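Visitor: One structure follows; several queries about it will come next.
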Amino acid sequence: MENLKNIDISFLNEASAYVWPVKYPITIEVAPGQDAQDSAEIPANAHFLCQRITGTYTTLDGGIDVGVNQISCRVFDTGKSLPQFENFIDVNLFLTPGRIRSAGIAGDPGSELFYPDEFCHVFSAKSNIQVTARTESADTNTLKLTFHGYNFILDGVNGEPVVNKIKKKFFG
Amino acid sequence: MIKTPPSQFVVSPNEDVRFQRNISLVGETTIFLISPLGSEAFKLERINAYIPGLKIDDTLPAGFTYPNISIESNSGKVFTPGPISMRTFTSPMAGQLWKGGVRVNAHVKKFEKLRIRITNYDLAIVPNIRVLFIGKRRLQESGYTYNVIE
């Protein structure tokens, strides 16, 4: 306990000016028979450390809300040209449970449970979080995803995260 | 004065990657090989699954029960000592709570394949499941110690 009194947290105070939580939302109208794509752009002055993903989707099919997931999607990092989803993944395998009832349409009630799924990836400055979605339904469904994490502001001189410089100053 | 490095700013070189497979449980034991990333090593951390066609927020169809399965990988490492009901770890379906999958720990070296064996103890129930594999890829081959257990 005695040691805890001497912990230097001034690093955190200084670094907090250059790191803050951020959420990047993406909304896609997924029409039948074709892939739909949208992306969120990471700003030029920050890297984005994504830590969690949440989202919702509708389950329309044949004019009614069937309550069965029909959507699958891929996530791609354009900055590194890396797929985070190697193939199309059914959204109810990673959303929680994510299904929302379509307003004004007969169907089963939707759950309101919420539990973010872990999704750790660094999207570099100027890159895009690119999501491609497709549906097996005969109707257009809506997929909404939000990527939760932190923006790390970059040094304008060498392009490194500012916190690295602060860290070096404090810890060598 | 003691200075404490802030762990929240440490970013692992291993980043999340996930992929899905459609698997037919046509026999008691289903063995399949996955080579998810080709030229990259891969660490499998979590497996989730669901049965297509079930309503997410509804109750189960009359007479329906989940299959009892077991999952193991290379060298017989058992992740779910079977028989264990799929509903204990699967994705939300038919009114279940979200469970997020089962935690596992398996490593695949570059160009190697991971063997997954699923045993279905209730053959008449579910012939097809969709399985999500969640893990981490190695973006940096050097400067990072990776303990391959298997």
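Visitor: Quick check on residue A:61: is it in contact with an Asp or Glu (Cβ under 9 Å, 6 or more places away or on another chain) and either buried (at least 21 other Cβ atoms within 10 Å of the Cβ) or at pLDDT 85 or above (or both)?
Guide: yes
Visitor: Name the residue, out of A:92, A:87, that is at pLDDT 85 or above and part of a helix (DSSP H, G or I). Working first, answer last.
Guide: On the way: A:87 fails: part of a helix (DSSP H, G or I).
Sole residue among the options that is at pLDDT 85 or above and part of a helix (DSSP H, G or I): A:92.
Visitor: I'd like to verify a number: residues in the range A:95-144 that are modelled with pLDDT of 90 or more and either touching a helix residue (DSSP H, G or I) at 6+ places or on another chain (Cβ under 8 Å) or closer than 30 Å to residue A:63 by Cβ (or both), how many?
Guide: Counting residues in the range A:95-144 that are modelled with pLDDT of 90 or more and either touching a helix residue (DSSP H, G or I) at 6+ places or on another chain (Cβ under 8 Å) or closer than 30 Å to residue A:63 by Cβ (or both) gives 14.
Visitor: Follow-up. Looking at the range A:113-128, which of its residues are part of a strand (DSSP E or B) and within 13 Å of chain B (Cβ to nearest Cβ)?
Guide: Our first condition is that a residue be part of a strand (DSSP E or B); within the range A:113-128, this holds for A:114, A:117-123, A:128.
Of everything in the range A:113-128, those that are part of a strand (DSSP E or B) and within 13 Å of chain B (Cβ to nearest Cβ) turn out to be A:114, A:117, A:118, A:119, A:120, A:121, A:122, A:123.
Visitor: List pairs: first residue in the range A:54-76 and away from chain B (no Cβ under 11 Å), second residue among the charged types (D, E, K, R) and part of a strand (DSSP E or B) anywhere in the structure, Cβ distance under 6 angstrom, at least six positions apart or on different chains.
Guide: A:55/A:144; A:56/A:144
Visitor: Sticking with this one: Quick check on residue B:91: is it touching a helix residue (DSSP H, G or I) at 6+ places or on another chain (Cβ under 6 Å) and at pLDDT below 70?
Guide: yes
This table checks each residue for (1) at pLDDT 90 or above; (2) assigned to a loop (DSSP other than H, G, I, E, B).
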{"position": "A:27", "(1), (2)": "yes, no"}
{"position": "A:32", "(1), (2)": "yes, yes"}
{"position": "A:38", "(1), (2)": "yes, no"}
{"position": "A:80", "(1), (2)": "no, yes"}
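Visitor: When the range A:137-164 is examined, which residues are found to be part of a loop (DSSP other than H, G, I, E, B) and crowded, with 16+ Cβ neighbours inside 10 Å?
Guide: A:137, A:139
Visitor: Go through the range A:77-101 and report how many residues are under 19 Å from residue A:149 (Cα atoms) and away from chain B (no Cβ under 11 Å).
Guide: The qualifying residues number 2.
Visitor: If residue B:64 passes every condition in (1) part of a loop (DSSP other than H, G, I, E, B); (2) crowded, with 16+ Cβ neighbours inside 10 Å; (3) at pLDDT 65 or above but one, which one does it miss?
Guide: All conditions are met except number (2).
The values are calculated or read from the model by the stated rules, or taken from the named source; none is laboratory data. Note that the structure is a prediction, hence the values are computed from the model and not measured. Glycine also receives a Cβ, built like all others from the backbone with ideal geometry; neighbour counts cover every protein chain displayed.
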